[in-house]
Amino acid sequence: MIPIGDDNRDRTITPYVNYILIAINILVFVLFQGAGSNQNFTYAFATVPAEIVSGQDVVTADQVVQDPASGQQFVLPGLQPTPISVYITLFTAMFMHGGWAHLGGNMLYLWIFGDNLEDRLGHGRYLIFYLTAGLLASLAHVFASVLVGDNLQIPSLGASGAIAGVLGGYLVLFPRRRITVLVMRIVTQVNAFIAVGLWFVLQLVGGLGTLSGSSDGVAYAAHIGGFIAGVVLIKLFAAGREPAARFY
């Protein structure tokens, strides 16, 4: 189920902040990450759990590793020096992505769901909400990595945690909002609690799979942590801002 749109008839403001967030994510990936080719930048400004836990910058050498399935060897880039406080990477990482598909999927969700939250919260509150959810999502990933004994030197990056917070807030404020989705080449509409709820269930399933020893490289703990942060915090951020009209 892929969301492709939602009902925006009650939107009263232009979501400038959401547009700027999308533009920053794209510009960082294209200009600074070199569309994925500038690995030195990526491995310098991504969040590394070992650095967050210790407060110290970690630099490692490149390694030649072998794919156990194909036997093919490739170079795994080492962690690069971080020219800023390692704690700032909790924010820089949320504007970086691992590839075009990663970027495109995240920006699609942000485009569809972020504008409605910005309309309800206002520009300033929405920006703070977004960054707070992203920060808590990154911290959830670090905590989970320590808890399950993952390799703490594996960097993480992406806007998914912050966007998960947006989804959590959206579910609370607009549970019956109609979402246009693509399901097996069929375009239909479902309520937000179905579209967003199914997304969250998939994150829980993926997270349980990680605990069982299987990993697909997705930071499910960041998704779950960001979503829960959004659910918990949205009423606080939305206090005093009631909608002018309701459409379901």
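Please treat every number below as a calculation from the coordinates, not as lab data. This one's a predicted model, so the numbers in the text were calculated from it and none came from an experiment. Ideal geometry is used to build each Cβ from the backbone, glycine not excepted, and the neighbour counts take in all protein chains shown.
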Kirkwood Rh over alpha-carbon pairs of segment 27-124 plugged into Stokes-Einstein at 4 °C, 1.567 mPa s gives a D in µm²/s of 83
Per the rule of 0.36 nm per residue minus the C-alpha distance, extending M184 to I2 adds in nm 64.6 nm
Here the alpha-carbon Rg of the chain over 2.2 N^0.38 Å rounds to 1.04
At 25 °C and 0.890 mPa s, the Stokes-Einstein diffusion coefficient in µm²/s for segment 1-46, with hydrodynamic radius from the Kirkwood sum on alpha carbon pairs, is 187
Checking rank on 136-149, 81-94, 179-192, with mean other Cβ inside 10 Å and highest first, the result is 136-149, 81-94, 179-192
Most packed first (mean Cβ within 10 Å per residue), the peptides 103-114, 151-162, 21-32 order as 151-162, 103-114, 21-32
Whole-Å distance linking the alpha carbon centroid of segment 140-179 with that of segment 1-59 is 13
Taking R0 as 25 Å and r as the Cβ-Cβ distance between S37 and I128, the FRET efficiency 1/(1 + (r/R0)^6), rounded to the nearest 0.05, comes to 0.15
Rounded to the nearest 10, the angle in degrees between the Cα long axis of helix 16-27 and the longest principal axis of the Cα atoms of the chain comes to 20
In degrees, nearest 10, the alpha-carbon axis of helix 160-173 is tilted away from the dominant principal axis of the alpha carbons of the chain by 20
For the chain the mean separation of alpha carbon contacts under 8 Å (6+ apart) over residue count, i.e. relative contact order in percent, is 27
L27 and R241 label points (each 7 Å along its Cα→Cβ direction) are spaced in nm at 2.3
Between N191 and Q63, the FRET efficiency computed from the C-beta separation at R0 = 51 Å comes out, to the nearest 0.05, as 0.60
